[in-house]
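Participant: Okay, here's the structure, questions in a sec.
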Amino acid sequence: MAIPEPLSRPVMKDLLRIPVLVAALGYMVDMYDLFLFSIIRVPSLKSLGLSGGSIMKEGIVLLNLQMAGMLIGGIVWGIMGDKRGRLSVLFGSIFIYSLANLGNGLVTSVGAYAVLRFIAGFGLAGELGAGMTLVSEILPARIRGYGATLVATTGVMGALLAYLVSFFFNWRIAFFIGGGLGLLLMILRIRVFESGIFMKLKQVNVKRGDVRMLFNNKARLLKYINGIVIGMPIWFAVGILITFSPEFGQALGLVQPIDAGKSVMLFFAGQLAGNFVSGFISQRLQSRKKALLLFILCSTSFAVVYLMVPFHSSIVFYTICMCLGFCSGYWTLFIAVATELFGSNLRATVATTIPNFVRATVIPLSFLFGITKSFAGTIYGALIVGLMVYIAAVIALFNLEETFKKDMNYNEGE
């Protein structure tokens, strides 16, 4: 087996180029906002006058509106990324979700909160796909995995930062800080250059960002759907098991109430380590698929432990949350595969829409969880949904091509 190129000084120089750093920092602010809501859901809604079961009910509505915004934004930003360029999307999305963050800190009603969560979701939808497309196109194939690891790992640090900020400041200030960080990042725009592959693509007479191309070819459509399905377990874990960890803790009979913020923080602390490990395993094995399979199977195991193993200690519960996060560290590889699956004229469209469609699967998953919960209870309802998700992900993975050594400089034919 070939040994991957070590992190030598020339490799580090490539990884620390300004576009890579901007993509990484942009994703950090993206993740800060995305998971800040999961952390401050309860205190913010209490501050707006809600109590009891209405907090979970309205929390699901707000989460679904955020994800709906990401779903729509993913399509819009993805098309723009292939038509207008990776940079226009990268900074346009940062600007919109930064303003939405500032607005979230000023809300005085659940209705205004809902509108701004939708706008924030729309803005958040563009940064990750545009940033990862840019990174995949400016880095050589042999170190693309390291680039994806750097971006995704920095992003996870945003989730940890959200927990720390929420610990020291109230929820409104936490939103203001997120908006300020995004606007500060805009300053770096003057130092970022566009992908050379995209600049060459502009000179070629080929359709760019045409969503219809994903549906007029069966092989492309199946590849696109499978690319979405392999990421669903991550968002089952964080969108349901972790976001609603206080409710699961109560259903499991834990004496000490579970803090959602602490669950999120520990989950992403685990994912931070998982991103490093999954990225290096992929480089070592020279395979995306083998590393993905390993982490999906591990995630399945810990989801079952979370729901089914009897324990009464909150410490054990939080430890399992961290293990779930570690096993969800394949988000790095999932994003890398999304950028590598398609040609340059569809790459930003796919790389932007796939992660956001995965995030938006929280909508049907939470709806399905609501149905199964009604007849099977909280624990078994989540178990039914989870097993469906994990089995589908393994099947989808086996149907995908290996992309580790794939050349990025090609276009999709009509």
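Participant: Within region 277-289, identify whether any single residue is touching a Cys at 6+ places or on another chain (Cβ under 7 Å), farther than 15 Å from Ala336 by Cα and not acidic (Asp, Glu), and answer yes or no. Please lay out each step first, then the result.
Facilitator: First, pick out the residues of region 277-289 that are touching a Cys at 6+ places or on another chain (Cβ under 7 Å): none.
No, region 277-289 has no match at all.
Participant: Report those helices (runs of 4 or more DSSP H) wholly inside region 1-110 carrying at least 1 residues which are of a type in the set (A, V, I, L, M, F, W, C), at pLDDT 85 or above and open to solvent by 50 Å² or more (accessible area, probe 1.4 Å).
Facilitator: Numbers: elements: 9-15, 18-47, 53-83, 86-104.
Where helices (runs of 4 or more DSSP H) fall fully within region 1-110 and carry at least 1 residues being of a type in the set (A, V, I, L, M, F, W, C), at pLDDT 85 or above and open to solvent by 50 Å² or more (accessible area, probe 1.4 Å), they are 53-83, 86-104.
Participant: Can you confirm whether Leu254 is part of a loop (DSSP other than H, G, I, E, B), open to solvent by less than 50 Å² (accessible area, probe 1.4 Å) and at pLDDT 85 or above? Talk me through it step by step, then tell me what you get.
Facilitator: Numbers: part of a loop (DSSP other than H, G, I, E, B): yes; open to solvent by less than 50 Å² (accessible area, probe 1.4 Å): yes; at pLDDT 85 or above: yes.
So Leu254 fits the description; yes.
Participant: Can you tell me which residue in region 133-145 is nearest to the chain's Cα centre (by Cα), limited to those that are surrounded by 24 or more Cβ atoms within 10 Å (Cβ to Cβ) and more than 13 Å from Lys406 (Cβ to Cβ)?
Facilitator: Applying the filter and picking the extreme gives Thr133.
Participant: Return a yes/no flag: does region 330-339 have any residue that is under 18 Å from Ile39 (Cα atoms), in a helix (DSSP H, G or I) and of a type in the set (S, T, N, Q).
Facilitator: To start, the set of residues in region 330-339 that are under 18 Å from Ile39 (Cα atoms) comprises none.
No, that holds for no residue.
Participant: Oh, and also: Going by what's in this entry, would Met157 be described as part of a helix (DSSP H, G or I), open to solvent by 10 Å² or more (accessible area, probe 1.4 Å), in contact with a helix residue (DSSP H, G or I) (Cβ under 8 Å, 6 or more places away or on another chain) and closer than 30 Å to Ala291 by Cβ? Can you show your working first?
Facilitator: Values: part of a helix (DSSP H, G or I): yes; open to solvent by 10 Å² or more (accessible area, probe 1.4 Å): yes; in contact with a helix residue (DSSP H, G or I) (Cβ under 8 Å, 6 or more places away or on another chain): yes; closer than 30 Å to Ala291 by Cβ: yes.
Against the criterion (part of a helix (DSSP H, G or I), open to solvent by 10 Å² or more (accessible area, probe 1.4 Å), in contact with a helix residue (DSSP H, G or I) (Cβ under 8 Å, 6 or more places away or on another chain) and closer than 30 Å to Ala291 by Cβ), Met157 qualifies.
Participant: Can you pull out the residues in region 221-246 that are within 13 Å of the chain's Cα centre (by Cα) and over 14 Å from Asn356 (Cβ atoms)?
Facilitator: Hits for region 221-246 are Ile230, Pro233, Phe236, Ala237, Val238.
Participant: Going residue by residue through region 131-153, is there one that turns out to be outside any helix (DSSP H, G or I), in contact (Cβ under 8 Å) with a residue 24 or more places away in the chain and under 22 Å from Pro19 (Cβ atoms)? Reasoning before the result, please.
Facilitator: To start, the set of residues in region 131-153 that are outside any helix (DSSP H, G or I) comprises 139-140.
Still in the list and also in contact (Cβ under 8 Å) with a residue 24 or more places away in the chain: 139-140.
Among the residues that remain, those that are also under 22 Å from Pro19 (Cβ atoms) are: 139-140.
Yes, some residue in region 131-153 is outside any helix (DSSP H, G or I), in contact (Cβ under 8 Å) with a residue 24 or more places away in the chain and under 22 Å from Pro19 (Cβ atoms).
Participant: Take the residues in region 115-132 that are open to solvent by 20 Å² or more (accessible area, probe 1.4 Å) and in contact with a helix residue (DSSP H, G or I) (Cβ under 6 Å, 6 or more places away or on another chain), then tell me which one is farthest from Val358 (Cα to Cα).
Facilitator: Here is the first cut: in region 115-132, the residues open to solvent by 20 Å² or more (accessible area, probe 1.4 Å) are 115-116, 118-119, 122.
Keeping just the survivors that are in contact with a helix residue (DSSP H, G or I) (Cβ under 6 Å, 6 or more places away or on another chain) gives 116, 118-119, 122.
Details: Leu116: 21, Phe118: 16, Ile119: 18, Phe122: 14 Å.
For region 115-132, the residue satisfying everything is Leu116.
Participant: Scan region 367-384 for residues that are at positive phi and at pLDDT 95 or above and jot them down.
Facilitator: Those that are at positive phi and at pLDDT 95 or above: none in region 367-384.
Participant: Are there any pairs, at least 6 apart or on different chains, whose C-beta atoms fall under 8 Å, with the first in region 38-60 and within 19 Å of Gly121 (Cβ to Cβ) and in contact (Cβ under 8 Å) with a residue 60 or more places away in the chain and the second part of a helix (DSSP H, G or I) and acidic (Asp, Glu), and if so, which?
Facilitator: Listed pairs, sorted by first residue: Leu45/Glu58.
Participant: Same structure again: So the check is Cβ under 6 Å with 6+ separation or different chains; which pairs have a first residue in region 336-352 that's touching a residue at least 40 places away in the same chain (Cβ under 8 Å) and of a type in the set (D, E, K, R) and a second one that's part of a helix (DSSP H, G or I) and open to solvent by less than 10 Å² (accessible area, probe 1.4 Å)?
Facilitator: The qualifying pairs are Arg347/Thr133.
Participant: Further question: Looking only at region 302-323, how many residues end up being in a helix (DSSP H, G or I) and either free of Cβ contacts under 8 Å to residues at least 60 places away in the same chain or under 18 Å from Gly270 (Cα atoms) (or both)?
Facilitator: Number of matching residues: 15.
Participant: Run Gly49 past the list (1) more than 30 Å from Asn345 (Cβ to Cβ); (2) touching a helix residue (DSSP H, G or I) at 6+ places or on another chain (Cβ under 6 Å) and report the number of the one that doesn't hold.
Facilitator: Every listed condition holds for Gly49 apart from (2).
Participant: Okay, next question. Test of understanding: among Gly209, Gly227, Gly261, which residue is open to solvent by less than 40 Å² (accessible area, probe 1.4 Å), under 28 Å from Phe367 (Cβ atoms) and either at pLDDT 80 or above or assigned to a loop (DSSP other than H, G, I, E, B) (or both)?
Facilitator: Residue meeting the stated conditions: Gly227.
Participant: Within region 283-293, can you find the residues that are in contact (Cβ under 8 Å) with a residue 24 or more places away in the chain and in a helix (DSSP H, G or I)?
Facilitator: Across region 283-293, the qualifying residues are Gln283, Arg284, Leu285, Arg288, Lys289, Ala291, Leu292, Leu293.
The values are calculated or read from the model by the stated rules, or taken from the named source; none is laboratory data. Keep in mind the model is a prediction, meaning the values are calculated, not measured. Please note: Cβ atoms are built from the backbone with ideal geometry, for glycine as well, and neighbour counts cover all protein chains shown. Remember, those area values only see protein heavy atoms, side chains included, never the ligands or the DNA or RNA. Shrake-Rupley method; radii C 1.70, N 1.55, O 1.52, S 1.80 Å.
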